[in-house]
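Read the figures in this text as sums done on the coordinates, not as results from a lab. Keep in mind the model is a prediction, meaning the values are calculated, not measured. Positions of Cβ are backbone-derived with ideal geometry, glycine not excepted, and every protein chain shown enters the neighbour counts.
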Amino acid sequence: MQKDLYTADHEAFRDTARGFVERYVAPHHDAWEKAGVVDRSLWVEAGKHGLLGFEIGEEYGGGGVLDFRYNAVLGEELIRAGASGVGFGLHNDVCAPYFERLATDEQKARWLPGFCSGELITAIAMTEPAAGSDLQGIKTTAVRDGDDWILNGQKTFITNGINSDLVIVVVRTDPDVKAAQGTSLLVVERDMPGFERGRNLNKIGMKAQDTAELFFTNVRVPGNNLLGELNRGFIHLMENLPQERLSIAVGAVASAEQVLASTIEYCKTRTAFGKPIGSFQNSRFVLAELATEVEIARVYLDKSITEHNEGRFTAVDAAMAKWWTTELQKRVIDSCLQLHGGYGYMLEYPVAKAFIDSRVQTIYGGTTEIMKEIVGRSLGV
């Protein structure tokens, strides 16, 4: 089918993004995987190329464009290169809306220029050791002390956790009511006394992505670091989670498309019993099924991006997009690895890396089970 989501401007931006990835990311990604973290200099370079803060106002150095298609293009180009460790998506797609829509003018002046230049890397800390999908189980607390907040607790599985300079921390500010009514967002800054980073977690995939534990022991957070309204943090999260889930869906479909395309080429050149393995009926049927499902996913994703840009993309739409595309991604990559045979199990083949990198997709950002629960409740059952 002809695709009409992107305009000439988006494709011109794709050329910029692809050139950046080829020059500054691809040659170094293997080294970053060994180190377990992306070099901070990449972020500054990304800022110089206009790849950070698309929706942030131009007065702060951002793009000033509220168009998620630019976010999607950058995400697709990183996926195309297998650069699963670069945390631009978390910065642009997840954190940016909180700062752009909730920050005061004073906070924007403090934080957004560095956000767009790449000098301030962001993260959001929701998950705790005993509170993952159940955000209402959060135990981290913030207690008033004069004009400040005293923050105590811990977070885990935090993307950009090692590199981050600004961390949006989800905290309980009113323990006497339900978490949905007594949760707030506090921005913790690098080097605040009592703020410590634990391990850079040893994951099975996404090795270059710094995913860390964070600890807060009597961290004094200024009152003017409250992001959004007091005790409305849960609502702010619910308002912004659809874009996060859409971002994950973008990565899922791009990954499925990329792995499928490379597998089709492999099946044309790899021979068995004297002929290409793609000529066997079983291989053709598998590839036909995968191509059909990926095309359907692309159509739904493109429609979702359009709906999001128009302000009509709902939490239920996001849940559908997130669970379906990530589960599809897993199925596609698993089938493609099978078609590669033993070579597919070797890490020098991109399909093997895609296989281990993709496993978390159905977990973070809301598990498949939680996504189905959201959809199911919307049906009145």
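In this structure, does Q181 turn out to be out of contact with any Pro (no Cβ under 7 Å at 6 or more places or on another chain) and of a type outside the set (D, E)?
Answer is yes for this residue.
Scanning the stretch 1-15 for residues that are of a type in the set (K, R) and either farther than 19 Å from L51 by Cβ or in a loop (DSSP other than H, G, I, E, B) (or both) turns up just one, K3. Only one of the numbered conditions (1) touching a residue at least 60 places away in the same chain (Cβ under 8 Å); (2) touching a His at 6+ places or on another chain (Cβ under 7 Å) is violated by T122, and that is (1). For the stretch 12-41, the candidate set comprises residues that are of a type in the set (A, V, I, L, M) and under 22 Å from K203 (Cα atoms); within that set, the residue that is surrounded by the most Cβ atoms within 10 Å (Cβ to Cβ) is V38.
Somewhere in the stretch 41-53, is a residue over 19 Å from H91 (Cα atoms) and assigned to a helix (DSSP H, G or I)?
No, there is no match, as no residue in the stretch 41-53 is over 19 Å from H91 (Cα atoms) and assigned to a helix (DSSP H, G or I).
Filtering R18, R40, R23 for residues that are of a type in the set (K, R) and free of Cβ contacts under 8 Å to residues at least 12 places away in the same chain leaves a single hit, R23.
Is one or more of the residues making up the stretch 307-323 assigned to a helix (DSSP H, G or I), within 23 Å of D4 (Cβ to Cβ) and free of Cβ contacts under 8 Å to residues at least 12 places away in the same chain? For the stretch 307-323, residues assigned to a helix (DSSP H, G or I), within 23 Å of D4 (Cβ to Cβ) and free of Cβ contacts under 8 Å to residues at least 12 places away in the same chain: present.
Please determine, by comparing only the residues of the stretch 29-40 that are of a type outside the set (V, I, T) and outside any helix (DSSP H, G or I), which one is nearest to G89 (Cα to Cα). Among those that are of a type outside the set (V, I, T) and outside any helix (DSSP H, G or I), it is D39. For V299, the criteria (1) closer than 30 Å to E244 by Cα; (2) without any contact (Cβ under 8 Å) to a residue 40 or more places away in the chain; (3) surrounded by 12 or more Cβ atoms within 10 Å (Cβ to Cβ) hold in every case but one, which is (2). For M1, the criteria (1) more than 21 Å from the chain's Cα centre (by Cα); (2) surrounded by 12 or more Cβ atoms within 10 Å (Cβ to Cβ) hold in every case but one, which is (2).
Beta carbons closer than 9 Å, at least 6 apart along the sequence or on distinct chains, pair a first residue in the stretch 329-352 that is on the phi < 0 side of the Ramachandran plot and among the hydroxyl-bearing types (S, T, Y) with a second that is in a loop (DSSP other than H, G, I, E, B) and surrounded by 14 or more Cβ atoms within 10 Å (Cβ to Cβ) for Y343/R270; Y343/Y349.
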